[in-house]
Amino acid sequence: MLSIIITTFVVINKTKDKSVHNINKTDIKKYSLDITGVTDTTSSFQKMIDSYPVGSTLKLPEGKYNILSTIKLKDGIKLVGDSKVIIFGNGKNTLFNVGNTNSFSGIKFQNCATALNVAKKKSLLVTDCHFTNKIDYAAINISASSNCSITNSFFYDIRKYGIIIDNDSSNITIDKNNFDNAKVFGGYAKEQISGHIYCLNGNKISVTKNVLKNSGGQGVIFGFNSTTGKGTTNSVASGNTCIGNGQEGLTIYGGDKKVTSGNSLIGNVSKNNRFNQIEVWQTKNNIVKNNTVEESIKGVGNLGAICLYETSNTTATGNKVLSAQKNGIDITAESSNNIVSNNIINNTNGENDNKAPEKGNGILLDSNGKAQPHHITIKDNKISSSNGIVSKSGIYSTSNTNQHNTIDNNTIKGYKTGLHEYAKMTVGK
């Protein structure tokens, strides 16, 4: 019997991914798309977007896109530019209402109220984008959304919020971005209700390795929404650099009910912001660790370079205060059950205010119009000063009664008084 072996060759044709579309001259003509920026091209842009299926990637050609109303993106659409794609509005509009799993890369957004509005959506990805030139409210507004990532992008001269997060948003990553305004403190003579990264209400917000300069308000704030009564929880700001902002560099704020809790500020640099460099205000169960703060110019600083205000069950450890215009670390306004340990504090009272010596100490315990701080542990800190201002103490208290504090094993050099007798009087079981 003759055996015949038949070998079949299967040729696999490796074709280009059909979900990627280069928008070319034919498409521009087909959709009447204006890429010169002269006329409003909102309708044409919307028709183009709507003509592609979910999951499509659209590579936009170099040009200027004048969007005078709002583009609505279906799920899965990805817009890609080459850094020469400019999408701009009329200064008052929202440019994009995003869907689920949308992404933007290599695009410049300009002249609008809000560039990207993210409401009740998941999985937005923004990378290598620029948000510049007269964005009046927020570059990115994230509300009731989750699993979003903003990375390697540039935010310049945003007058209100760079990124605002609210309404139970969760798992938001903001990493390796650059935020800057044209002038120190955003050019405002007084502090503003604003911030580069402004979280009113959310969970598991990660703010890492960003540079944040010259906001009218905070560089980063984990705050609370006074209308809903909800705050920010289980969030981390780490490795950021905050300089010249109009309020604090980094803030955790929970309101009277301390609804913001369980957050961490770790390994950040905060320098010459208008008020406290790090402020932990009306909150609980936080970690402030391994940060470096500096107040090297007059006119900045408030209660303390690091301030724990009406705050409980919070640990401040391993921080470096290179200089402070008033106090190095201020523990105030009925704060309780906090641990302040292993910090290095140098050269407080840079303002040389001899009339108010309690405002220029290494560590200050103060009521600030409320109850005295109590059950505070202050241990293993290294406090030194070379400024020679005799009106300071290494550790000082405005109370001279037992507040059940523990003050132990601190090293103090260069102050007229190391551990002030009033601070000693607050120690006891």
Selection from THR151, PHE179, TYR198 lying farthest towards where the dipole of segment 142-209 points positive, charges on Cβ: PHE179
Value of [θ]222 nm, deg cm²/dmol, for the chain, DSSP H segments ≥ 4, -39500 (n - 2.57) each, nearest 500: -1000 deg cm²/dmol
Computed E for ASN133/SER83 - FRET, C-beta separation, R0 22 angstrom, nearest 0.05: 0.90
FRET efficiency for VAL236 and GLU62, using Cβ-Cβ distance with R0 set to 25 Å, rounded to 0.05: 0.05
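For segment 95-160, report the convex hull volume of the alpha-carbon atoms normalised per residue, in Å³, without decimals.
Convex hull volume per residue, Cα atoms: 66 Å³.
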Relative contact order (%) - criterion: Cα under 8 Å, at least six apart; region: segment 194-234: 54
Extent along principal axes [Cα atoms of segment 199-282; Å; largest to smallest]: 31, 21, 15
Accessible surface of the chain [probe 1.4 Å, protein heavy atoms]: carbon and sulfur percent: 50
Spin-label model distance (nm) - THR317 vs ALA371, 7 Å beyond Cα toward Cβ: 2.6
Estimated inter-spin distance, ASN402 and ILE193, nm [label 7 Å along Cα→Cβ]: 4.5
Exposure of ASP50 as accessible area (Å², to 10), given a probe of 1.4 Å and all protein chains: 80
Area of HIS130 that stays accessible when all protein chains are in place (1.4 Å probe, Å², to 10): 70
Which of VAL427, VAL54, VAL321 is most accessible, then next, and so on - probe 1.4 Å: VAL54, VAL427, VAL321
Rounded accessible area of SER226 (nearest 10 Å², 1.4 Å probe): 100
Calculated FRET efficiency for the pair ASP256/VAL54, C-beta based, R₀ 56 Å, to 0.05: 0.75
Mean accessible surface per residue for the chain, computed with a 1.4 Å probe while every protein chain stays in place, in Å²: 43
Per-selection Rg to Rh, segment 183-325 - Cα, Kirkwood hydrodynamic radius: 0.94
Under-5 Å amide H pairs with TYR65, H placed in peptide plane, nonlocal only: ILE86, ILE87, PHE88
Spin-label zone in segment 58-74 - amide nitrogen under 11 Å from a point set 7 Å from the Cα of ASP40 along the C-beta vector: 67-70
Percent of beta bridges antiparallel (DSSP, segment 181-318, rounded to nearest 5): 5
Relative contact order computed over the chain (Cα-Cα under 8 Å; 6+ residues apart), in percent: 6
For segment 230-328: relative contact order, % (alpha-carbon pairs under 8 angstrom, 6 or more apart): 26
Where labels lie 7 Å past Cα in the beta-carbon direction, separation of SER19 and LYS92 in nm: 3.9
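The values are calculated or read from the model by the stated rules, or taken from the named source; none is laboratory data. Everything quoted here is computed from the prediction, not taken from an experiment. Note that we place each Cβ from the backbone using ideal geometry, even for glycine, and neighbour counts take in every protein chain shown. Side chains are part of the model used for accessible areas, which takes the heavy atoms of the whole protein and leaves out ligands, DNA and RNA. Shrake-Rupley method; radii C 1.70, N 1.55, O 1.52, S 1.80 Å.
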